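Have a look at the structure below, then the notes.
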Amino acid sequence: MDDLEELERPHEACGVFGLYAPGHDVARDTYFGLYALQHRGQESAGIAVADGKRIRAHIDMGLVNQVFNEAAIADLQGDIAIGHTRYSTTGGSEICNAQPIVMDDPQLGPFALAHNGNLANAVALQRRLARQGHGLATTSDSEIIAKLLTLVPGNTWEERLQRVMPQLSAAYSLVILTRASLIAVRDPFAVRPLSLGRLGDFWLVASESCALDILGGKLEREVAPGEIVRIDGAGPAHLHSTQGMASRQRAGCLFEHIYFSRPDSVLGSGSLYAARQRMGQALAREWPVAADVVISVPDSATPAATGYAAARTLPFAEGLIKNRYVGRTFIQPDQRLRERGVRLKFNALPDVLGGKRVVMIDDSIVRGTTTRQLVQLLRQAGAAEVHVGVTAPPFRHPCYLGIDVAQEDQLIAAQLGGSVEAIRRVIEADSLHYLSLDGLIEATGLPATQFCTGCFTGNYPVLVEEHDPDEVAEPVGR
C-alpha cells in the first residue's frame, strides 16, 4: 500500500485556487488557499503569479508545505495568482504532470492553467492532436486543454474558450492566469465544484468554500454551468461573465457530498456537515439494527455517524483512534506493510468496544480489504457484534469524470454482482447496509436531476472514452 493516508478510499482529481488582489501577497495567500485544499490532492502542488508583464511559477512534487518555503514564496511577486494540488487520475504521478501548466501563445501571450476533473474524451483529443502534428509534453489531459487554447482562433481568451469548450467532454473546472486577468471556467454539466468569493474588493476562486474561509473571504456564488468568469480588476465592475457553452442538465458528483469536499465547505443547498448528518439519519431510518454504540471510520464518516446515533438515540463514541501523522509513505511497500496498513492508521479502543454491539459508519467501500481489516480490529478489541453502515449505495461502476477508480475489477460490489450479503461475508461483518440512492439524494437537499450517478447506476451524463470514435469531424486548430 503506497498511500496509507487514504487507505482504499476513492480519490478525487485535484484542487484549484485563484486570487486577484493587487497589493496583497498573492503567492502567500494562494499557499494558504492550497493548504485548505490539500485533501483534494497530495502528489504535487504549484503556484503561478502574474505581474502584468510576465508569469512566474513554482511547481514540485509533494505536499503544499513541502513544495513551498519562504524563498519560493518571496520569488513569486505579482498581483494575480492561481494554484493547484494534484492527485493523478489521468496522467501519472510525475513532475511533468504537475500544475499549473504554463504556456505561451504568440498572439495573446503567456498563460497558466490549472484543472480539476477528468476529460472523458482525452484519448480521442490526444490522437487528433498527434495526427495534426501537435505533440504533448505530459500525459495529463489538462495539457490537452491548454494546447487547444493555443490552436483555436480568437482575439480574446473568452473567444478561445468558447471554441475549445464544445470540444471537451466533462469534467473540468479551470482557473486560468493571464498577464492581466484571472479566468474561471466550469463545464456545462457542473460535475466538479467551483466557488467564487470576495476578499474585500478583490476576487477569489476555489474548488471549495473552505479555501475562501481561510483567507477571510466571503462566498458569493458558484461558477455557473458552462460559465466563463474573467476578473481584471477590483470590485463588481471588473467581474465579466460569458456563457462559454449552454448549460446542460446538471451532473454534479455525488461523492463531493459524500466524501471528497471538506465538511466545513458549502456546496449546493448548504453545509456539507449538515448534509452528511442527514445521510446518517437516513441510514438510521432504513436500518435500525440492534446496537449498543455507534462509531465512525474517522474522520470523513464522523458527521454521518453522529447523525445516525442521534436519530437512534444511541451513544456515539470514538471507537477508532486515527493516527493523523501517517501520510504518504516512501518506504517500499511489502506484504508486512500492507498487512499493517490499517494498524498503522487506526487503533481500536477496548474500553469503548468491549462486549458491545457496534455500528461502524463509513462513507464508501471500494475493494473491501480495508473494511474487513477494520471489522477484525474491532472484534480483536472485544466487540461482541460489528455492523457496518455505508452512507452511499454500492460503488459498482467505473468513474470517467475524476475519481481514480476506473476498472470494475477494483470494485467489490461489481465483482459480487451487487450482492450485499456476499459483500457482508467478505468483510466478515454481522450485518451490512448501504444507504439507498433515494435516501442519499434526499439527504443532499437537492433534486436527483442535479447529480451524476454513474458510479452507482452506470448511467453517465456524457459519452465515455471507450465508446468515443477515433475520428472527429472538426479539426482542433486554425
Return yes or no: is Gly226 within 20 Å of Asp141 (Cα to Cα) and surrounded by fewer than 24 Cβ atoms within 10 Å (Cβ to Cβ)? yes
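Which of the residues spanning region 197-216 are under 21 Å from Ala50 (Cβ atoms) and crowded, with 24+ Cβ neighbours inside 10 Å?
Within region 197-216, Phe202, Trp203, Leu204, Val205, Ala206, Ser207, Ala211, Leu212 qualify.
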Subset tally (residues that are among the β-branched types (Val, Ile, Thr) and either touching a strand residue (DSSP E or B) at 6+ places or on another chain (Cβ under 7 Å) or more than 25 Å from Ala384 (Cβ to Cβ) (or both)) for region 426-440: 1
Val386 among the aliphatic types (A, V, I, L, M) and not in a strand (DSSP E or B): no
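Are any of the residues in region 241-249 within 25 Å of Tyr20 (Cα to Cα) and surrounded by fewer than 16 Cβ atoms within 10 Å (Cβ to Cβ)? Break it down stepwise before answering.
First pass over region 241-249, keeping only residues within 25 Å of Tyr20 (Cα to Cα): 241-245.
Within this subset, residues satisfying the condition of being surrounded by fewer than 16 Cβ atoms within 10 Å (Cβ to Cβ) are 241, 243.
Yes, there is a match, as at least one residue in region 241-249 is within 25 Å of Tyr20 (Cα to Cα) and surrounded by fewer than 16 Cβ atoms within 10 Å (Cβ to Cβ).
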Selection from region 369-410 of residues surrounded by fewer than 18 Cβ atoms within 10 Å (Cβ to Cβ) and small (Gly, Ala, Ser) yields Gly382, Ala384, Ala406
Among the strands (runs of 3 or more DSSP E) lying completely within region 175-274, list those that include at least 2 residues that are hydrophobic (A, V, I, L, M, F, W, C). 182-186, 195-199, 202-206, 227-231
Return the pair list, or none, for Cβ contacts closer than 7 Å from residues in region 193-217 that are at negative phi and touching a residue at least 24 places away in the same chain (Cβ under 8 Å) to residues that are buried (at least 24 other Cβ atoms within 10 Å of the Cβ) and of a type in the set (Lys, Arg), at least 6 apart or on different chains. Leu194/Arg186; Ser207/Arg40
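Rule-based calculations on the coordinates, nothing more; no lab input. Computed from a prediction, not measured in an experiment: that's the story for all the values here. Heads up, the Cβs are rebuilt from the backbone with ideal geometry, glycines too, and the neighbour counts pull from every protein chain shown.
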